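Peer 1: Before we start, here is the structure in question, set down as structure tokens.
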Amino acid sequence: MHRIVIVGGGAGGLELATRLGDKLGRAGKAHITLIDRSPTHVWKPLLHEVAAGSLDAHVHQIEFAAQAHWHHFNFVRGELKGLDRSSKTIDIATVHGGAFDDKAEILPSRKVEYDTLVLALGSRTHFFGVHGAEEHAITLDTLEQAEILRRRLLATCARKRTAGGNDDVNIAIIGGGATGVELAAELRRMEAGFRKYGLHPNGKSGDIKISLLEAGHRLLPALPERVGQTASSILSELGIEVSVADPVIEVADGRIQTKSGRAITSDITIWAAGIKAPGVLASLDGLAVNRINQLKVGRTLQSETDVDIFAIGDCASCSWNGERMVPPRAQAAHQQAVYLSKALVSRLECRVSDEFSYSDHGSLVSLGPSAAVGSLLHNSTGGYIFVKGTFAKLLYATLYRKHLAAVSTLNRACASLIIHAIRRLTMPRVKLH
Ligand SMILES: Cc1cc2nc3c(=O)[nH]c(=O)nc-3n(C[C@H](O)[C@H](O)[C@H](O)COP(=O)(O)OP(=O)(O)OC[C@H]3O[C@@H](n4cnc5c(N)ncnc54)[C@H](O)[C@@H]3O)c2cc1C
């Protein structure tokens, strides 16, 4: 039986495995395997909410093994380490970690054979070689990192409170793209929660200071100017200090240095400026990659080097409209998963399929519990319309619901929504431990 192996169960990979499992796995037409280094999936655009404690990741995780059982595919846990194209095998690293010993081996290294391989490894933070950034800044690439950030925030507030002084907590976010902007607004929401439950550093108003530092001339450089300006004024209203056109050149313990010579005190520094694909992609048996390790693919999402290997999502470099590249966004990963779930069925049946065509539906950026801003494609005019406020926030909330619906049955998606709503009513506004 034809073996389709998908590596990476994120926004793109999980949806693809689910669709192919339902179409091909269920009918016994192909054997579908999903491989991920983690045992669970959390939709990455939720990570800033996890970091700020406004969303409990445990409630929003999808267990890969259960998903595989429900949707007729096989799940293998482990990290991709190598590829041998001649024998069509991939190498999966040993999995470590146990209840009592993090170094204990749970699963040995293994080889997995494929006929068709899909790489959906996502992306991670790009530090652009800024001195000290990797060592001293926290990132938001994984659920573990989001949890580390949340615990660091709680611990820093607790330490300053116990010290009994008048010390504020200074948080610096580097990068004024969507991730940095959303995180800054969400941290203000967290502050309100801390105040309500008495977890503030020193009880003074404004004792959690948040700075957002962008190297370019405005916030949200990838979105229309009006969206960036609106986000900037909403963040200022929330008491967030926004700095633009002054790149960070060094990150040290407790301090940031900018190009203009400013030294900024920072108890917690978060790096949210730029992405690159995982380094392993540059060492996969000669597969062509670009300068940020993304796998170069053509309009059928096949690797330029090997027609049996495909890539989707943030780890793929795919052109769109000739000169532009498909952006690293959840909506792109979703569209590519939908395209490939059809194209791989056609390929199995020896039919030619159309090329992938990305359609940019616009972007929404969340700015706390009840506000968002963005621009959306107007279907009848083909232009983009500006949206903001509660309406935009409602639209933003539907993005995650759509992802849940895409990887679930209707019953399960509805049950999840009810559970999430009940949890919200019965839990504190922010996670407190
Ligand atoms: C805080 C934040 C907010 C965001 N908000 C938005 C938004 O509002 N809208 C939007 O469109 N996009 C948003 N994004 C971007 C969006 O999350 C990504 O574009 C999207 O998740 C990419 O999907 P993907 O499938 O390529 O990768 P991911 O969803 O990152 O999944 C990659 C998967 O691969 C696995 N993996 C990685 N390396 C290996 C390996 N070597 N072996 C095995 N498994 C591996 C990982 O465990 C993970 O499960 C946001 C991102 C962040 C961080």
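The values are calculated or read from the model by the stated rules, or taken from the named source; none is laboratory data. From a predicted model like this one, the values you see are computed outputs, not experimental measurements. Because the Cβ atoms are built from the backbone with ideal geometry, glycine has one as well, and the counts that use them run over all protein chains shown. The area values use the complete protein model at the heavy-atom level, side chains included, leaving out ligands, DNA and RNA. Shrake-Rupley method; radii C 1.70, N 1.55, O 1.52, S 1.80 Å.
Residue-by-condition table, conditions (1) touching a His at 6+ places or on another chain (Cβ under 9 Å); (2) buried (at least 18 other Cβ atoms within 10 Å of the Cβ); (3) polar (S, T, N, Q):
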position	(1), (2), (3)
Leu34	no, yes, no
Trp43	yes, yes, no
Ala52	no, yes, no
Asp56	no, no, no
Gln61	yes, no, yes
Phe64	yes, yes, no
Ala68	no, yes, no
Leu83	no, yes, no
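Peer 1: Quick check, is Glu304 open to solvent by 30 Å² or more (accessible area, probe 1.4 Å), more than 16 Å from the ligand (Cβ to nearest atom) and assigned by TED's automatic domain parsing to the domain that holds Lys209?
Peer 2: The answer is no for Glu304.
Per-residue answers, yes or no, for (1) under 26 Å from Gly12 (Cβ atoms); (2) touching a Leu at 6+ places or on another chain (Cβ under 8 Å); (3) of a type outside the set (Lys, Arg):
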site	(1), (2), (3)
Tyr114	yes, no, yes
Ser123	yes, no, yes
Phe128	yes, no, yes
Leu140	yes, yes, yes
Leu212	no, yes, yes
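Peer 1: Would you mind finding the one in Asp306, Asp314 that is of a type in the set (Asp, Glu) and either farther than 24 Å from Ile90 by Cβ or over 19 Å from the mean Cα position of the chain (by Cα) (or both)?
Peer 2: Being of a type in the set (Asp, Glu) and either farther than 24 Å from Ile90 by Cβ or over 19 Å from the mean Cα position of the chain (by Cα) (or both) holds for just one of Asp306, Asp314, which is Asp306.
Peer 1: In addition: Given the structure, is Asn166 farther than 21 Å from Ala272 by Cβ, more than 15 Å from the ligand (Cβ to nearest atom), crowded, with 16+ Cβ neighbours inside 10 Å and not assigned by TED's automatic domain parsing to the domain that holds Val42?
Peer 2: When the stated conditions are applied, Asn166 does not pass them.
Peer 1: Follow-up. What are the residues in segment 382-399 that are in contact (Cβ under 8 Å) with a residue 40 or more places away in the chain and either open to solvent by less than 60 Å² (accessible area, probe 1.4 Å) or within 12 Å of the ligand (Cβ to nearest atom) (or both), if any?
Peer 2: Result: Phe386, Leu399.
Peer 1: Kindly establish whether Leu238 is open to solvent by 40 Å² or more (accessible area, probe 1.4 Å) and in contact with a helix residue (DSSP H, G or I) (Cβ under 6 Å, 6 or more places away or on another chain).
Peer 2: Against the criterion (open to solvent by 40 Å² or more (accessible area, probe 1.4 Å) and in contact with a helix residue (DSSP H, G or I) (Cβ under 6 Å, 6 or more places away or on another chain)), Leu238 qualifies.
Peer 1: Restricting attention to segment 321-330, and to residues there that are open to solvent by less than 60 Å² (accessible area, probe 1.4 Å) and touching a residue at least 40 places away in the same chain (Cβ under 8 Å), which single residue is farthest from the ligand (Cβ to nearest atom)?
Peer 2: Pro327
Peer 1: Restricting attention to segment 6-33, report how many residues are acidic (Asp, Glu) and within 12 Å of the ligand (Cβ to nearest atom).
Peer 2: Total satisfying the criteria: 1.
Peer 1: I've got another one for you. So which pairs qualify, if the first residue must be in segment 10-27 and closer than 22 Å to Ala330 by Cα, the second must be of a type in the set (D, E, K, R) and assigned to a helix (DSSP H, G or I), the Cβ gap must be under 9 Å, and the two must be at least 6 apart or on different chains?
Peer 2: Once the first residue is closer than 22 Å to Ala330 by Cα and sits in segment 10-27, its partners that are of a type in the set (D, E, K, R) and assigned to a helix (DSSP H, G or I) give Gly10/Lys44; Gly10/Asp314; Ala11/Lys44; Ala11/Asp314; Gly12/Asp314; Arg19/Lys342.
Peer 1: A further question follows. So, Ala343, is that one within 14 Å of the ligand (Cβ to nearest atom), within 21 Å of Arg19 (Cα to Cα) and small (Gly, Ala, Ser) or not?
Peer 2: no
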